1. Tell me, what is the FRET efficiency for ALA214 and ASN125 to the nearest 0.05, using R0 = 30 angstrom and their Cβ-Cβ distance as r?
2. Kirkwood Rh, the range 41-155, all Cα pairs: how many Å?
3. Could you tell me what percent of the accessible area of the range 31-76 is made up of carbon and sulfur, with a 1.4 Å probe and every protein chain present?
4. Taking the Cα-to-Cβ direction at ARG163 and at CYS135 and moving 7 Å from each Cα, how far apart do the two end points lie in nm?
5. Mind giving me the FRET efficiency for ASP93 and VAL29? R0 is 25 Å, r the Cβ-Cβ distance, nearest 0.05 is fine.
6. Considering the range 146-217, what Rg and Dmax in Å follow from its alpha-carbon atoms?
7. What accessible area per residue, rounded to a whole number of Å², is obtained for the range 2-146 using a probe radius of 1.4 Å?
8. Farthest toward the dipole's positive end in the chain, which of VAL186, LEU167, ALA106, given Cβ charges of +1 (Lys, Arg) and -1 (Asp, Glu) about the Cα centre?
Amino acid sequence: MSTQLPLQFEFQTNLTFASFYPGDNAEIVNQLLAMAGDGAEQQIYLWGESGSGKSHLLQACCQQAKTEGKDPFFLAFAHDEPPSPKLLEGLEDMELVCFDDVQNIAGHAEWESALFAFYNSHRQNNHKLLLAADCPPKYLPYELPDLKTRMSWGLTLKIQPLRDDQLIDAMTFKAHYLGFDIPPKVGRFLLNHYVHDLPAMWLLLEKIDRATLAAQRKLTVPFLKQILAEQ
């Protein structure tokens, strides 16, 4: 396998358990921490709506596994044509494999067959598999019934989206992690204008962090509007 892996295979070092606001998902975080360590769970399937944090948690599990001395692998399946299934060759030897957006290989017969073969070999090696999708296993539109069945062999967990009353807490948590504070007025402004797109919100907070550092200014609503106008 090439050591020059494409971007979608790379770990994003800022996506850790420490930077994830759990909300009502503390038990999921605990399950993944155990999986990254010496926990007994061999397979976990996460599902939830877009922007709920599935990709973050898969990346965090990989990061944690590395700190535990394990050798993880991460792959996100894009909406467009997936890469060659030959990518799976040798992955059965990886101690932890994380596949994100597994619904996106549905209908690609060659990929479904290759994933089925990988699944069996990887499981026989007693290694761990973490999967994420936008629906429960039984609703995956796979053409290969045996592959769909295997997706539900392990523990299936639904990620709970943030409630309205948790959103400002989540923003405050993220800002503190980055190293700045969000005053209540700024939090309400962000809530009113950006709550519809949480992934964009997290990216915006990173931009705000850079802007406040560069300007050496505290965050206010007028300064926030200035930052937004420069996007």
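1. It comes to 0.05.
2. On the way: mean 1/r = 0.0706 Å⁻¹.
Hydrodynamic radius (Kirkwood, Cα only) of the range 41-155 equals 14.2 Å.
3. C and S fraction of accessible area: 42 percent.
4. 2.9
5. Values: r = 27 Å, r/R0 = 1.09.
Taking R0 as 25 Å, the efficiency between ASP93 and VAL29 is 0.35.
6. 17.0, 58
7. Accessible area per residue, the range 2-146: 46 Å².
8. Of VAL186, LEU167, ALA106, it is VAL186.
The values are calculated or read from the model by the stated rules, or taken from the named source; none is laboratory data. Just so you know, these numbers come straight off a predicted model, no measurement behind them. Backbone-built Cβ (ideal geometry, glycine too); neighbour counts: all protein chains shown. These accessible areas exclude ligands, DNA and RNA; they are computed on the full protein's heavy atoms, side chains included. Shrake-Rupley method; radii C 1.70, N 1.55, O 1.52, S 1.80 Å.
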